[in-house]
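Just so it is clear, none of the values below were taken in a lab; they were calculated from the coordinates. Treat the numbers as computed from the prediction; the structure is a model and nothing was measured. Because the Cβ atoms are built from the backbone with ideal geometry, glycine has one as well, and the counts that use them run over all protein chains shown.
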Amino acid sequence: MTLSLHPFRDDAPEALRLANALKVQLALIDVHRFPDGEITPRVSATRPTAIVYRSLHAPNGKLIELLLSADALRRNGATRLVLIAPYLPYMRQDAVFRQGEPISQRVIAQLLGAAFDRIITVDPHLHRTPSLAELFPTCKTTRLFGADALISHLRASPLPVNTLVVGPDVESGPLVRRIAEKLGFEHATLTKQRQGDARVEISMPDMPPTEGRPVLVVDDICSTGGTLCAAVSRLKALHAGPITVFVTHLLGGAPVVGQLRQAGAASVISTDACAGATGIVHLAGLLAGALEGSETLTADQA
Ligand code: R5P
């Protein structure tokens, strides 16, 4: 079996890094927009296994493009469709928080699960949902850890040995522990109370000493920046040393990086899961590793 790799145009730089890691060529999906606003994607030649690369931040239009492309690829000869979605959207809406709301996580999972045979993603926000397998019962799933890409990055550009790894809320706990344990750092998790879309309150029970100490603040998602800015400000108030922020999915892009620096972060690093983010921690190696050994990589050299 051979495979082909199909990104959309705006994901091409990140997909190219993956293509180079896999030694396959890109087969771009073009999207034609009709005057009335409807679209039709056009896919090029596919191999039996078609891998679609799509990072789904700002997801609403992209989801339609993706579902139509999956249909086009099957009609064009693909018998197995793998979705690489470094960022999987709508995972935070995993409950009815206020009467009258949907459980968006389930709706989106049903759509993607029906269209693809396998889904590979990085740090999906599965707070109340135990696993991707429960969310996608009919397709194979692979959950990768942004922490692993960060760890490789930090092995090349190390932080001081007394760095304290801090997560802003209980949900960041697994990410914090994975980084701290693998790099041998002390760690702490803060407590967050959300007051609104962009407003949070952070408290710091049982904090180890921070004065003058380098801190690495980590989270899976940074959207408005409210969570990480509050955490950085609190740490600054405790006279922490240089604060590095790492986030897997920097949804808020450059404006949020500015806010974090204003709050006191010395540097902000993110993966390339979302185009327009700082993108200095590349996921290509991690994604290629997930495919190697599980998909037959007799590459599409055509
Ligand atoms: C929520 O639990 C997530 O892990 C993030 O902390 C949250 O989505 C960040 O959102 P914002 O940047 O808007 O505070």
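Numbers for the structure displayed
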{"read-out": "At least 18 Å along the helix axis (C-alpha) and Kyte average at least 0.0, DSSP helices within the chain", "value": "59-75"}
{"read-out": "Under-5 Å amide H pairs with V165, H placed in peptide plane, nonlocal only", "value": "E186, H187, A188, L216"}
{"read-out": "Derived scalar couplings ³J(HN,Hα) [the range 199-209; Karplus, 6.51 cos²θ - 1.76 cosθ + 1.60; whole Hz; x for Gly, Pro]", "value": "10, 9, 10, 10, 10, 10, x, 6, 7, x, x"}
{"read-out": "Within the chain: Cβ-based charge dipole about Cα centre, in debye rounded to nearest 20 (Lys, Arg +1; Asp, Glu -1)", "value": "120"}
{"read-out": "Above-threshold pairs, the threshold being 28 Å between Cα atoms, out of K23/K140; K192/K236; K182/K236; K62/K182", "value": "K62/K182"}
{"read-out": "Cut-off under 5 Å, modelled amide H: who pairs with I280 long-range", "value": "S270"}
{"read-out": "Order of S223, S172 under a 10 Å beta carbon neighbour criterion, fewest first", "value": "S223, S172"}
{"read-out": "Whole-Å distance, taken between Cα centres, linking the range 96-145 and the range 191-207", "value": "26"}
{"read-out": "Taking the chain and dividing mean pair separation by its residue count, relative contact order in percent (alpha carbons under 8 Å, at least six apart)", "value": "16"}
{"read-out": "14 Å beta-carbon shell around P242, net charge (K/R +1, D/E -1)", "value": "+2"}
{"read-out": "For the chain, built as a Gaussian network whose Cα springs stay under 10 Å, the top-fluctuating residue of V232, V215, V200", "value": "V200"}
{"read-out": "Length-normalised contact order for the range 1-113 - Cα pairs under 8 Å, 6+ apart - percent", "value": "23"}
{"read-out": "Per-residue Cβ neighbour rank within 10 angstrom, fewest leading, I84, I108", "value": "I108, I84"}
{"read-out": "The range 107-259 - percent relative contact order, Cα under 8 Å, separation 6 or more", "value": "18"}
{"read-out": "Theoretical ellipticity at 222 nm over the chain - DSSP helices of four or more residues, -39500 (n - 2.57) apiece, nearest 500", "value": "-9500 deg cm²/dmol"}
{"read-out": "For H32, H187, H127, order by how many other beta-carbon atoms lie within 10 Å, fewest first", "value": "H32, H127, H187"}
